Amino acid sequence: MKTTSPDHSKISPTAKLVAYFRQFSDIPFSRDVATLIHAEDVLKNFSQGTNLTPEFLKWAALAAEIRYKSIVSAIKKEGITQVLELASGLSFRGLAMTEDPEYIYVETDLPELMQEKQQILSRIISNHGLKERKNLFFDAVNILSFPEIESAIRHFKPNHPVAVIHEGLYHYLSMEEKERAARNIHSVLSRFGGAWITPDFLTNAEHEGRLQTHSELQNIAQGVQGTTQRDVHKTGFDNQQQIVDFFSHLGFRSRISPQIDGSYQLTAMQNLDISEDEFKNYKSLNFKIWILTVEE
Ligand SMILES: C[S@@+](CC[C@H](N)C(=O)[O-])C[C@H]1O[C@@H](n2cnc3c(N)ncnc32)[C@H](O)[C@@H]1O
């Protein structure tokens, strides 16, 4: 299994999988996206014909809503109003957050994905009668390319902090790619100040623990590995200290907070009739948000 293939576009179809699970929440535009991309068919492809139980659907919908909302909440808690989202996939957090004119938001992903995203964006704009936003930008950026990142940050006000965020990307990267991506983000934060905010730094045990919750997840993980040609087990972190040390060596200071902190509403609970016990089981997995700043 190749883990260092430069063809990152093989990872792009996974954006549609996440978009499927987001539709059971009140995350803005998530239902439009799921309908427009026929997300149901995407899920069928990834699950390789396995029957998906309602319990699994509830779990995955919770995961998608919590991951999305915990990032929004962390950006707000940090008090940062300029956001560079890498690997934004078919999530439209920028379109949602720039309703507030205080924010400047740049949504980015690989070029092919961004082309598809532009078409979906046009449909959403027309469905919702949205006006043009002067504080929202869509750029093609590979996290490994500093020139592409540099071009995307031209939209920001100098001397104002930036939140660099991503969800669902970092575990696909090889160790060399992880380091390159981190150095690029370090350069952005050294220039603007701000924070790198992501739920993406999982230990192998956390990743394994997640897979063990539902057999369907293991089938989907196999489908994802086949499509992306990336074996996340070979490129994971052994433990939390290794994560802290890895980023410390690259000049970052790390903080960790729980993804579930009561700061936002979880609408999938009601929409999918999720019980308190099911929620407690999910919560016991203890997923985190990492907040990294540049060491002085
Ligand atoms: C699992 S999806 C997550 C998308 C989105 N963040 C979400 O939560 O819906 C992974 C995303 O990473 C993007 N990606 C893969 N390699 C990348 C790279 N080298 N630079 C930037 N984006 C990349 C893919 O195109 C895809 O959209």
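The values are calculated or read from the model by the stated rules, or taken from the named source; none is laboratory data. The model shown is predicted, which means the values in this text are computed figures rather than measured ones. Here the Cβ is made from the backbone with ideal geometry for all residues, glycine too, and neighbour counts use every protein chain on show. Just the protein is used for accessible areas: all its heavy atoms, side chains included, with ligands, DNA and RNA removed. Shrake-Rupley method; radii C 1.70, N 1.55, O 1.52, S 1.80 Å.
Pairs are defined by a Cβ separation below 6 Å, a sequence spacing of at least 6 or placement on different chains, a first member in the range 138-150 that is near the ligand (Cβ under 10 Å from one of its atoms), and a second member that is in a strand (DSSP E or B) and open to solvent by less than 40 Å² (accessible area, probe 1.4 Å); the pairs so defined are VAL141/THR108. Within the range 70-96, residues that are more than 13 Å from TYR264 (Cβ to Cβ) and of a type outside the set (Val, Ile, Thr) have Cβ atoms under 6 Å from residues that are away from the ligand (no atom under 11 Å from the Cβ) and open to solvent by less than 10 Å² (accessible area, probe 1.4 Å) in these pairs: GLU78/ALA195; GLN82/VAL162; LEU84/VAL106; LEU84/VAL162; LEU84/VAL164; GLY94/TYR105, counting only partners at least 6 apart in sequence or on another chain.
Scanning the range 151-178 for residues that are within 12 Å of the ligand (Cβ to nearest atom) and not β-branched (Val, Ile, Thr) returns ALA152, HIS166, GLU167, GLY168, LEU169, TYR170, HIS171, TYR172, LEU173, SER174, GLU177, LYS178. Looking at the range 24-42 only, could you name the residues that are surrounded by 19 or more Cβ atoms within 10 Å (Cβ to Cβ), touching a residue at least 60 places away in the same chain (Cβ under 8 Å) and of a type in the set (A, V, I, L, M, F, W, C)? Answer for the range 24-42, where residues must be surrounded by 19 or more Cβ atoms within 10 Å (Cβ to Cβ), touching a residue at least 60 places away in the same chain (Cβ under 8 Å) and of a type in the set (A, V, I, L, M, F, W, C): PHE24, ILE27, PHE29, VAL33. Of the set (1) at pLDDT 95 or above; (2) in a loop (DSSP other than H, G, I, E, B), all apply to ILE75 but (2).
So which residues in the range 193-208 are away from the ligand (no atom under 16 Å from the Cβ) and open to solvent by less than 30 Å² (accessible area, probe 1.4 Å)? Listed by number, the residues that qualify are GLY193, GLY194, ALA195, THR203. Just one of the listed residues (LEU110, LEU121) is open to solvent by 10 Å² or more (accessible area, probe 1.4 Å), closer than 27 Å to SER9 by Cα, within 13 Å of the ligand (Cβ to nearest atom) and at pLDDT 95 or above, and it is LEU110.
Within the range 160-208, can you find the residues that are over 15 Å from the mean Cα position of the chain (by Cα), outside any helix (DSSP H, G or I) and under 27 Å from ASP7 (Cβ atoms)? Listed by number, the residues that qualify are SER174, THR203. Scan the range 145-174 for residues that are open to solvent by 60 Å² or more (accessible area, probe 1.4 Å) and over 18 Å from THR293 (Cβ atoms) and the total you get is 6. State yes or no: is HIS233 open to solvent by less than 50 Å² (accessible area, probe 1.4 Å), free of Cβ contacts under 8 Å to residues at least 60 places away in the same chain and not hydrophobic (A, V, I, L, M, F, W, C)? No; evaluated as a whole, the condition is false for this residue.
Please verify whether the range 131-147 includes one or more residues that are β-branched (Val, Ile, Thr), modelled with pLDDT of 95 or more and more than 24 Å from ALA34 (Cβ to Cβ). Within the range 131-147, one or more residues are β-branched (Val, Ile, Thr), modelled with pLDDT of 95 or more and more than 24 Å from ALA34 (Cβ to Cβ).
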